[in-house]
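Chemist: Below you'll find the structure I mean.
The values are calculated or read from the model by the stated rules, or taken from the named source; none is laboratory data. Keep in mind the model is a prediction, meaning the values are calculated, not measured. Neighbour counts run over all protein chains shown; Cβ positions are idealised from the backbone, glycine included. Accessible surface areas use protein heavy atoms only, side chains included; no ligands, DNA or RNA. Shrake-Rupley method; radii C 1.70, N 1.55, O 1.52, S 1.80 Å.
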Amino acid sequence: MVHQPLAPRTAADRGVWLRGGLSMASDAFVGSVNIVNGIHQAVTRTVSRLAPPARPIGRGSDFVYGRVRDIGRLSFFGVRQMAGLAETLVPGRKRDMPQRLALGVHSALNGAFGDYLERSDNELALTMTLVDDAGREIEASAAGLRAALPEPSSRVVILVHGLGMNDQQWRQAGRDDFGQRLTRDFGYTALRLRYNSGRHISQNGRDFAALLQALHTHYPTAIERLTIVGHSMGGLVARSACHYAEQAGHDWVDTLADLVLLGSPHLGAPLERLGRQVTHTLTRLSYTRPLSVLGEIRSAGVKDLSLGYLRDEDWQQDTQARPTPPEALASPDHVGHFLVAATLGRRGDDPVGRWFGDLLVPVSSAVGHADAPDRRFNPRDQDGRIFYGMNHFALVHHDDVYAAIHEWLAPRLAPVTH
């Protein structure tokens with residue numbers, strides 16, 4: 001029997017959009033009712049202190065809100081059943097989104113709400129997988145890898161996307177992505193990781209480590225050199241994977257030679273810290289406390305970016321009021337690190353760069369330079385580059401960025417003969 005690469009599985013599938021989307025809408029409705037109910041309760045408690053006879057009104061309103069929630073759940077259940085019937089009756093080609101657009105929306109939803117999607121068993125939750133140039137999923141088994149990689153190289157590069165993004169966004173305007181260029185220039189076999197970026201970074205790091213071990217075990221030929229290119233959160237997921245692989249004694253770590261980290265917030269992202277502070281401020285007053293749930297719905301992955309949490313214990317010890325900056329997590333000494341930063345500023349002392357960084361990550365965070373010695377990310381074998389007048393998202397496709405990666409990798413690699 002001939003094994004074929006798994007077909008792309010995205011939110012373009014009609015049933016996934018219908019069932020998953022309606023489940024999200026139902027939960028959003030109930031959550032909205034809870035917020036209004038909470039504000040109503042806060043007002044009623046204040047009035048009851050001044051006029052005790054008003055207390056039964058509060059109990060009555062709770063009963064009403066409870067019935068509204070029940071009716072809403074029942075209504076969405078009915079709509080979901082009708083939608084399922086419509087799906088079987090209406091031709092699919094008239095309803096499907098273009099695959100690239102669907103994957104973009106799917107990935108963004110996972111970045112924003114991925115932990116909730118996984119926790120609620122929503123079908124919109126992405127599963128971690130390796131994919132090829134065309135976005136086809138690759139099963140990390142001997143048969144799946146042989147079918148997907150008929151001419152495997154002993155050099156493997158894996159591109160790891162950032163928060164709310166996906167493997168297709170490494171490619172810009174139909175041009176080759178960094179993986180394809182590295183294949184052409186250095187003889188790599190290029191793979192890409194697709195994952196639910198709304199989960200905790202440590203959870204994705206542990207799963208990525210296990211996936212790399214399966215790749216190492218079942219790859220059609222011996223892997224002599226593994227290079228990982230991670231953008232933004234993807235770089236943190238790669239570093240977390242190294243940590244959990246060493247804990248588990250995985251073999252693939254010995255083949256890891258290069259980590260290229262593009263705009264990764266090793267010291268955290270100030271924008272998420274601002275969001276955390278706003279959410280905490282809303283909890284201070286009884287009237288605004290119900291609204292704080294709106295801030296809390298941001299995903300675990302987003303929250304981890306606040307201070308760059310890479311291990312379970314980092315976020316497990318965290319509290320909303322007093323977040324604990326984690327100590328720097330060391331990477332294997334035998335691995336070379338290329339730390340790349342971008343900034344909107346045109347030079348080092350440009351106030352635009354100082355205030356806005358690359359829109360999301362300051363230069364100091366991307367290169368791991370902290371005032372506190374125990375917070376600095378300072379790997380033994382490291383190099384770096386800062387790109388001025390560039391934003392965070394250009395790092396995944398810009399020609400100048402690839403040229404810098406090429407320049408850094410070239411002396412580390414033997415030439416490829418064609």
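Chemist: Roll a 1.4 Å probe over the protein heavy atoms and report the accessible area of ASP251 in Å², nearest 10.
Modeler: Surface accessible to solvent at ASP251 totals approximately 80 Å².
Chemist: Output the direction-averaged projected area (hull surface divided by four) of the convex hull of the alpha-carbon atoms of the range 365-407, in nm².
Modeler: Average projection, Cα convex hull of the range 365-407: 3.9 nm².
Chemist: Continuing with this model, one more query. Quick one: net charge around MET390, please, counting Lys, Arg +1 and Asp, Glu -1 for every other residue with C-beta under 12 Å from its C-beta.
Modeler: Around MET390, the surrounding residues sum to -1.
Chemist: Determine, from the Cβ-Cβ distance of ALA414 and GLN99 and an R0 of 41 Å, the FRET efficiency 1/(1 + (r/R0)^6), rounded to the nearest 0.05.
Modeler: The formula returns an efficiency of 0.60 here.
Chemist: Taking the Cβ of LEU259 as the center, what net charge do the other residues with Cβ under 10 Å away carry, scoring Lys and Arg +1 and Asp and Glu -1?
Modeler: -1
Chemist: Rounded to the nearest whole Å², what accessible area per residue is found for the range 335-418 with the 1.4 Å probe?
Modeler: Per residue, the range 335-418 has 54 Å² of solvent-accessible surface.
Chemist: Another one. Whole-Hz ³J(HN,Hα) for each residue in the range 189-203, computed from phi via Karplus 6.51 cos²θ - 1.76 cosθ + 1.60 with θ = phi - 60°, x for glycine and proline: what do you get?
Modeler: Per residue, the Karplus-derived 3J(HN,Hα) values read 8, 9, 10, 10, 9, 10, 7, 7, 7, x, 6, 4, 4, 5, 5 Hz.
Chemist: Can you check what the net charge comes to around SER107, using other residues whose Cβ is under 12 Å from the Cβ of SER107 (Lys, Arg +1; Asp, Glu -1)?
Modeler: Neighbourhood net charge equals +1.
Chemist: In the range 143-179, which residues have a backbone nitrogen under 16 Å from the label point lying 7 Å from THR217's Cα in the Cα-to-Cβ direction?
Modeler: Inside the label zone: 143-146.
Chemist: In terms of modelled amide H atoms, which long-range or inter-chain residues lie less than 5 Å from the amide H of LEU256?
Modeler: LEU226
Chemist: Under a plain spin-label model, where a point goes 7 Å from the Cα along Cα-to-Cβ, how far apart in nm are ARG146 and ASP383?
Modeler: 3.9 nm
Chemist: Right, next: Would you grab the residues whose amide H sits under 5 Å from the one on SER232? Only those 5+ places off in sequence or on another chain, please, with H modelled 1.01 Å from N.
Modeler: Correct list: LEU262, GLY263, SER264.
Chemist: Calculated FRET efficiency, ASP371 and ALA330, Cβ-Cβ r, R0 30 Å, to nearest 0.05?
Modeler: My answer for the efficiency is 0.95.
Chemist: Compute the FRET efficiency between GLU123 and ALA248 as 1/(1 + (r/R0)^6), taking r as their Cβ-Cβ distance and R0 = 30 Å, and round to the nearest 0.05.
Modeler: Given R0 = 30 Å and the Cβ-Cβ separation, E is 0.50.
Chemist: If you roll a 1.4 angstrom probe over the protein chains with everything in place, what fraction of the accessible area of the range 312-409 belongs to carbon and sulfur, to the nearest %?
Modeler: So the carbon and sulfur contribution to the accessible surface is 50 percent.
Chemist: Turning to a different aspect of this structure: Rounded to two decimals, what ratio of Rg to Rh does the range 309-378 give with C-alpha atoms and a Kirkwood Rh?
Modeler: For the range 309-378, the value is 1.03.
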